[in-house]
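Undergrad: Next up is a structure, given as structure tokens.
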Amino acid sequence: MTNSTDFDAPANEQTSPFRRWLGVGTLGFILIALLGFVTGVLMSAAEKGGLSTRGGMLLAVAIAIIALCAWGIVKLKPAFVTGEPQSAKTRRANWVLVACGVLGGVIGLTLSIAGLANGENGVFSNGSLSPTVALIVVAAIALLVPLLSFYWYANADEFEKRASGDGAIIAMYVYSILAPCWWLLERAALIPPQEPMIVYLLVISVWGIVWLYRKAN
């Protein structure tokens, strides 16, 4: 006879670690992008002295989706915050990953807000930035990312390091094919000019997806 409690298990216990982390990352990316959009709408409304009907509707939809993303992140919270037994070093390594995610979100939001001054998306565009914003973001990337990476490596277990290493190797293979092929096709006027940030995001995404997959298997 089936126990009724089998149907009451929390959603995060029924979801594989790979899907859980991938879901958290995807929802987090959408949430940060929408926060930049909401900020832009509010800044535009402040300059014009009010919101248009269309702007108000878009703002309401964006806020609703942000709330849904936040709810989804809470429901899909990674395994290490669900009370599962882990060593102190593993917990520290996992929280470093969270810190890296927060740092990336703050950088993305900062660039989005800064880009609004030029009417552009500061994360993906090649538009101009103020020297202050550029220096702050560069300092965060050049100083905080290496420190967080070193601290993570010092606390991660061998399985975690191997999963990350597998992701890094495959991502490097992807880059070694993607970059020269794009360059050659660009020279032949078959595709648009190469965008460094797009290549970077694709390579990092491959690294992260393989890393998560190897962790879950």
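Undergrad: Do we have any residue at all in segment 158-168 that's surrounded by fewer than 17 Cβ atoms within 10 Å (Cβ to Cβ), outside any helix (DSSP H, G or I) and not charged (D, E, K, R)?
TA: Let us first name the residues in segment 158-168 that are surrounded by fewer than 17 Cβ atoms within 10 Å (Cβ to Cβ), namely 158-159, 161-162, 165-166, 168.
Applying the additional criterion that residues be outside any helix (DSSP H, G or I) yields none.
No; the residues of segment 158-168 include none that is surrounded by fewer than 17 Cβ atoms within 10 Å (Cβ to Cβ), outside any helix (DSSP H, G or I) and not charged (D, E, K, R).
Undergrad: When you go through 178, 212 one by one, which is the residue that is touching a residue at least 60 places away in the same chain (Cβ under 8 Å), within 22 Å of the chain's Cα centre (by Cα) and open to solvent by less than 50 Å² (accessible area, probe 1.4 Å)? Reasoning before the result, please.
TA: Values: 178 fails: touching a residue at least 60 places away in the same chain (Cβ under 8 Å).
Answer to the check: 212.
Undergrad: Given the options 207, 152, 183, name the one that is open to solvent by less than 50 Å² (accessible area, probe 1.4 Å) and either free of Cβ contacts under 8 Å to residues at least 60 places away in the same chain or outside any helix (DSSP H, G or I) (or both). Can you show your working first?
TA: On the way: 207 fails: open to solvent by less than 50 Å² (accessible area, probe 1.4 Å); 183 fails: open to solvent by less than 50 Å² (accessible area, probe 1.4 Å).
The unique qualifying residue is 152.
Undergrad: Please give the number of the condition residue 141 fails out of (1) open to solvent by 60 Å² or more (accessible area, probe 1.4 Å); (2) modelled with pLDDT of 85 or more; (3) more than 19 Å from the chain's Cα centre (by Cα).
TA: Every condition holds for residue 141 apart from (3).
Undergrad: Just checking, which of 39, 15, 90 is surrounded by 13 or more Cβ atoms within 10 Å (Cβ to Cβ), of a type in the set (Ser, Thr, Tyr) and at pLDDT 75 or above? Show your work before the answer.
TA: Working: 39 fails: at pLDDT 75 or above; 15 fails: at pLDDT 75 or above.
Selected residue: 90, the only one of 39, 15, 90 that is surrounded by 13 or more Cβ atoms within 10 Å (Cβ to Cβ), of a type in the set (Ser, Thr, Tyr) and at pLDDT 75 or above.
The values are calculated or read from the model by the stated rules, or taken from the named source; none is laboratory data. Note that this is a predicted model, so its numbers are computed, not measured. Positions of Cβ are backbone-derived with ideal geometry, glycine not excepted, and every protein chain shown enters the neighbour counts. These area figures cover heavy atoms from the full protein model, side chains too; ligands, DNA and RNA do not enter into them. Shrake-Rupley method; radii C 1.70, N 1.55, O 1.52, S 1.80 Å.
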